[in-house]
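Participant: First the structure, which I've put down as structure tokens, then a few questions once you've had a look.
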There are 6 protein chains.
Amino acid sequence: MIYITRRECFSSAHRLFNPVLSDSGNFEIYGKCSNPNWHGHNYIMYVTVRGEVNSETGMVMNMKLLGDIVRRLVTDKLDHHNLNTDVDFLQGVITTSENIAIAAWNQLADEIKKAGAELYKIKIAETENNYVEYYGN
Amino acid sequence: MIYITRRECFSSAHRLFNPVLSDSGNFEIYGKCSNPNWHGHNYIMYVTVRGEVNSETGMVMNMKLLGDIVRRLVTDKLDHHNLNTDVDFLQGVITTSENIAIAAWNQLADEIKKAGAELYKIKIAETENNYVEYYGN
Amino acid sequence: MIYITRRECFSSAHRLFNPVLSDSGNFEIYGKCSNPNWHGHNYIMYVTVRGEVNSETGMVMNMKLLGDIVRRLVTDKLDHHNLNTDVDFLQGVITTSENIAIAAWNQLADEIKKAGAELYKIKIAETENNYVEYYGN
Amino acid sequence: MIYITRRECFSSAHRLFNPVLSDSGNFEIYGKCSNPNWHGHNYIMYVTVRGEVNSETGMVMNMKLLGDIVRRLVTDKLDHHNLNTDVDFLQGVITTSENIAIAAWNQLADEIKKAGAELYKIKIAETENNYVEYYGN
Amino acid sequence: MIYITRRECFSSAHRLFNPVLSDSGNFEIYGKCSNPNWHGHNYIMYVTVRGEVNSETGMVMNMKLLGDIVRRLVTDKLDHHNLNTDVDFLQGVITTSENIAIAAWNQLADEIKKAGAELYKIKIAETENNYVEYYGN
Amino acid sequence: MIYITRRECFSSAHRLFNPVLSDSGNFEIYGKCSNPNWHGHNYIMYVTVRGEVNSETGMVMNMKLLGDIVRRLVTDKLDHHNLNTDVDFLQGVITTSENIAIAAWNQLADEIKKAGAELYKIKIAETENNYVEYYGN
């Protein structure tokens, strides 16, 4: 069993905001991250999959194919977009990195299985000081 | 003469957009960077000042003071804000890194002179692949 | 279950030295790391906690609060100090990164539990070539 | 139990190529990575070992010794060499990062055991966008 | 006048070798960098151009166009190739970073002028420890 | 004319302290950087030299030789030492990065001239947020 990881980046606007709460309630929880006119980040996503090494290719799966899947199903939909308003698979989601990681997992798990590997981890770094990791339920 | 540089970061939303042009005209020039619902970046700003080394302190100027000035006059106004709508010193400016660097220079030059040094360069990196540098007119 | 990680930095002096051993005994084990007049590092500490995502906030716990806890209980006591002489929770400890990680764990585990999450890992990088990881006993 | 990691780098030429397949068969699998005149990388290898902290030294094992072992048995044989043609422990191996990681594991596991620790993970980054991790079978 | 910089990467094999000299003469000058079976690097190239900011666009020139030019004329020809044998504009050149930088300058200067800016600097980093910079003679 | 740069690192203890001033006077200027029991950093030094490319070698000067000179005359004397007490060429100097850069210049300029190149710049980064550059008087 080997684990392989592909890095993909996206530059997006977002705002932490729970519509159930008032503006001041949101500010109390999220501080400046709830500013109404949006802010943004260069997000870095690391997608780790695992599997046996194929003896004919020496690979778990093709890194280029893995990158293609991640971009098509996830990062092309996020990059240069607003995470709160523009992304089909984030509708109704508070756009914390935790929730983005879970949503990305749900976008990717089946397609990576079809490609012959198993999704193991989604890691998202929002800044150089903060990152989240999700391994599936 | 010694040159000292302070790094400060800000995470902001923006959109490249010239109001004189149509939406399609903007898209032709800026591509996805003109997407209407904003996107964003973790910008990294490097402010370089120069001066003689003070023999009593061994410093050109205090790095902490330099950081305080940069944050107060520039990055606190940009961080977790929308560069197109929220920033007093960017009103009416197309928010390319080039223009942000020039505007930051104009915010900082006098205050750094008062602190006994000379502003030499503003460098702004928008992503790991792109940066701009401005040395004053 | 989601894992979130906060990075905090500290710049400290230290010396690897076991007082039970002679100077030459220390040099044999630690080499230049036992030089008597101290040396130092820009340490980077990564604190990982885990928990369920709170459905109201979309977060495991607030990253800002996590950073506040780490700085208050650990890195503010280490930063710009001498790890061998100045730190209450490192008294009598050989200041290897291994021991710093274990001591930091003991400082943090309860306070993070009070904040509703579970401490999972302390990672400390002493240089770009070396790091240690501790997951609790 | 503590985990310690040592980084070592090597700059090598290689080509992804399965001699059982035709040139076009190789190109179909590996694309430009199978170009016949080689290409190359600055590989970064992270070797993680684990063990109890020795109470006399405060260390799992000496990081310097770990680096010496990794360089002697692995990276000195790879650095500034051709991975396909020059390396005794890679003969007959398709030089994917997956296979390099497995081969490095087999070179290192016993020697690290003799040094009193247990090999836990080999991580190899081929570029800033791709890395593999191997934890032993 | 503003300076803008685009980063492009290429992963290539090469060997430092002057055909006028014997193998031992080459080894004396270049050491392991002259190993006959090639080695390789992840090169990082930074191309800096300068010009006035266009008031309609807020840009010196489009960063995307700059990247397209650099890839088409330089890095696509170098990436996943052998610098000594595969590159039209490096024929007969000892493939030091110095010479690659000069050759890249000659490839790029005219095309960047046609795009309305002026080539200012080529920087090439061969490893994290070494880089060269060329400003045109 | 080409510029080549070599990176060398050193991990040192120091304290900002002017013996002419009282403890409180030092604290007023330097803050926590004057803490009496020392602190420390992983310093990164970049030494840039320039010269014509030698047509026989394709190099300005050998990067390995440049590294050897920098380590022998500067960084071996700083690494794992106390900058205030242990370094012959820093006696009586307030150990700001500014002063270390100037002192390193004086150590290196002649020896690099003997090697056939010209010292152009010393850059020292004390942390990821601060660096200084010195180009000679």
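Participant: Specify which of the listed residues (F:Q91, F:Q107) is in contact with a Phe, Trp or Tyr (Cβ under 6 Å, 6 or more places away or on another chain) and without any contact (Cβ under 8 Å) to a residue 40 or more places away in the chain. Break it down stepwise before answering.
Facilitator: Values: F:Q91 fails: in contact with a Phe, Trp or Tyr (Cβ under 6 Å, 6 or more places away or on another chain).
It is F:Q107.
Participant: Of the residues that make up segment E:60-76, is at least one touching a residue at least 40 places away in the same chain (Cβ under 8 Å), part of a strand (DSSP E or B) and either open to solvent by less than 20 Å² (accessible area, probe 1.4 Å) or closer than 24 Å to D:S11 by Cα (or both)?
Facilitator: Checked against the condition, which is being touching a residue at least 40 places away in the same chain (Cβ under 8 Å), part of a strand (DSSP E or B) and either open to solvent by less than 20 Å² (accessible area, probe 1.4 Å) or closer than 24 Å to D:S11 by Cα (or both), segment E:60-76 yields no hits at all.
Participant: Now for a different question. Among what's in segment B:103-126 and is more than 24 Å from E:T48 (Cβ to Cβ) and among the acidic types (D, E), pick the residue that is surrounded by the most Cβ atoms within 10 Å (Cβ to Cβ).
Facilitator: B:E111
Participant: For C:G40, only one of the following conditions fails: (1) within 22 Å of F:N82 (Cβ to Cβ); (2) part of a loop (DSSP other than H, G, I, E, B); (3) in contact (Cβ under 8 Å) with a residue 24 or more places away in the chain; (4) out of contact with any helix residue (DSSP H, G or I) (no Cβ under 7 Å at 6 or more places or on another chain). What is its number?
Facilitator: (2)
Participant: Take the residues in segment F:107-123 that are touching an Asp or Glu at 6+ places or on another chain (Cβ under 8 Å) and within 14 Å of chain B (Cβ to nearest Cβ), then tell me which one is nearest to F:I2 (Cα to Cα).
Facilitator: Residues of segment F:107-123 that are touching an Asp or Glu at 6+ places or on another chain (Cβ under 8 Å), as a first pass: F:112, F:121-123.
Right, trim to within 14 Å of chain B (Cβ to nearest Cβ) and you get F:121-123.
Values: F:K121: 13, F:I122: 16, F:K123: 17 Å.
Among those residues, the one meeting the criterion is F:K121.
Participant: Looking for whichever is polar (S, T, N, Q) and within 30 Å of B:Y135 (Cβ to Cβ) here; the options are E:S24, E:S55. Which one fits? Break it down stepwise before answering.
Facilitator: On the way: E:S24 fails: within 30 Å of B:Y135 (Cβ to Cβ).
Unique residue meeting the criteria: E:S55.
Participant: Could you list, in sequence order, the residues of segment B:1-10 that are at the interface with chain A (Cβ under 10 Å from one of its Cβ atoms) and open to solvent by 10 Å² or more (accessible area, probe 1.4 Å)?
Facilitator: Residues of segment B:1-10 that are at the interface with chain A (Cβ under 10 Å from one of its Cβ atoms), as a first pass: B:9-10.
Within segment B:1-10, just B:C9 meets the criteria.
Participant: Something else: Can you pull out every residue in segment F:103-118 that is over 14 Å from the mean Cα position of the chain (by Cα) and in a helix (DSSP H, G or I)?
Facilitator: Step one: list which residues in segment F:103-118 are over 14 Å from the mean Cα position of the chain (by Cα), which gives F:110-118.
The answer is F:D110, F:E111, F:I112, F:K113, F:K114.
Participant: Given the conditions (1) touching a strand residue (DSSP E or B) at 6+ places or on another chain (Cβ under 6 Å); (2) among the charged types (D, E, K, R); (3) within 7 Å of another protein chain (Cβ to nearest Cβ), and given that C:D79 satisfies all but one, which numbered condition is not satisfied?
Facilitator: (3)
Participant: Of the numbered conditions (1) within 11 Å of another protein chain (Cβ to nearest Cβ); (2) under 14 Å from the mean Cα position of the chain (by Cα); (3) surrounded by fewer than 20 Cβ atoms within 10 Å (Cβ to Cβ), F:I100 satisfies every one except a single condition; which is it?
Facilitator: (3)
Participant: A follow-up question, please. Please tell me if F:T85 is open to solvent by 60 Å² or more (accessible area, probe 1.4 Å), within 7 Å of another protein chain (Cβ to nearest Cβ) and under 17 Å from the mean Cα position of the chain (by Cα).
Facilitator: Numbers: open to solvent by 60 Å² or more (accessible area, probe 1.4 Å): yes; within 7 Å of another protein chain (Cβ to nearest Cβ): yes; under 17 Å from the mean Cα position of the chain (by Cα): yes.
Spelling it out, F:T85 is indeed open to solvent by 60 Å² or more (accessible area, probe 1.4 Å), within 7 Å of another protein chain (Cβ to nearest Cβ) and under 17 Å from the mean Cα position of the chain (by Cα).
Participant: For residues that are farther than 16 Å from E:V47 by Cβ and buried (at least 18 other Cβ atoms within 10 Å of the Cβ), tally how many sit in segment E:127-137. Even if it seems obvious, please write down each step before you answer.
Facilitator: Narrowing segment E:127-137 to residues farther than 16 Å from E:V47 by Cβ: E:127-130, E:137.
In the following step, the residues that additionally are buried (at least 18 other Cβ atoms within 10 Å of the Cβ) were identified as E:130.
The qualifying residues number 1.
Participant: How about segment C:33-63: which of its residues are among the polar types (S, T, N, Q) and either within 14 Å of chain F (Cβ to nearest Cβ) or over 16 Å from C:V74 (Cβ atoms) (or both)?
Facilitator: To start, the set of residues in segment C:33-63 that are among the polar types (S, T, N, Q) comprises C:34-35, C:37, C:42, C:48, C:54-55, C:57, C:62.
Once the filter is applied, which keeps residues that are among the polar types (S, T, N, Q) and either within 14 Å of chain F (Cβ to nearest Cβ) or over 16 Å from C:V74 (Cβ atoms) (or both), segment C:33-63 yields C:S34, C:N35, C:N37, C:N42, C:N54, C:S55, C:T57, C:N62.
Participant: OK, next. So which residues in segment D:48-59 are in a loop (DSSP other than H, G, I, E, B) and either of a type in the set (A, V, I, L, M) or in contact with a strand residue (DSSP E or B) (Cβ under 7 Å, 6 or more places away or on another chain) (or both), if there are any at all?
Facilitator: As a first pass, look at segment D:48-59 and keep what is in a loop (DSSP other than H, G, I, E, B): D:52-59.
Residues satisfying the conditions are D:V53, D:M59.
Participant: Check B:N54 against each of (1) surrounded by 15 or more Cβ atoms within 10 Å (Cβ to Cβ); (2) within 24 Å of A:C33 (Cβ to Cβ) and name the one condition it does not meet.
Facilitator: (2)
Participant: Yes or no: A:I124 touching a residue at least 60 places away in the same chain (Cβ under 8 Å), within 29 Å of B:G31 (Cα to Cα) and not hydroxyl-bearing (S, T, Y)?
Facilitator: Values: touching a residue at least 60 places away in the same chain (Cβ under 8 Å): yes; within 29 Å of B:G31 (Cα to Cα): yes; not hydroxyl-bearing (S, T, Y): yes.
In short, yes.
Participant: Say whether the condition of being within 8 Å of another protein chain (Cβ to nearest Cβ) and either under 13 Å from the mean Cα position of the chain (by Cα) or open to solvent by less than 10 Å² (accessible area, probe 1.4 Å) (or both) is met by at least one residue in segment A:17-32.
Facilitator: no
The values are calculated or read from the model by the stated rules, or taken from the named source; none is laboratory data. Predicted, not measured: the structure shown is a model, and the values here were computed from it. Note: ideal-geometry Cβ built from the backbone for every residue, glycine included; neighbour counts use all protein chains shown. Side chains included, ligands, DNA and RNA excluded: accessible areas come from the protein's heavy atoms. Shrake-Rupley method; radii C 1.70, N 1.55, O 1.52, S 1.80 Å.
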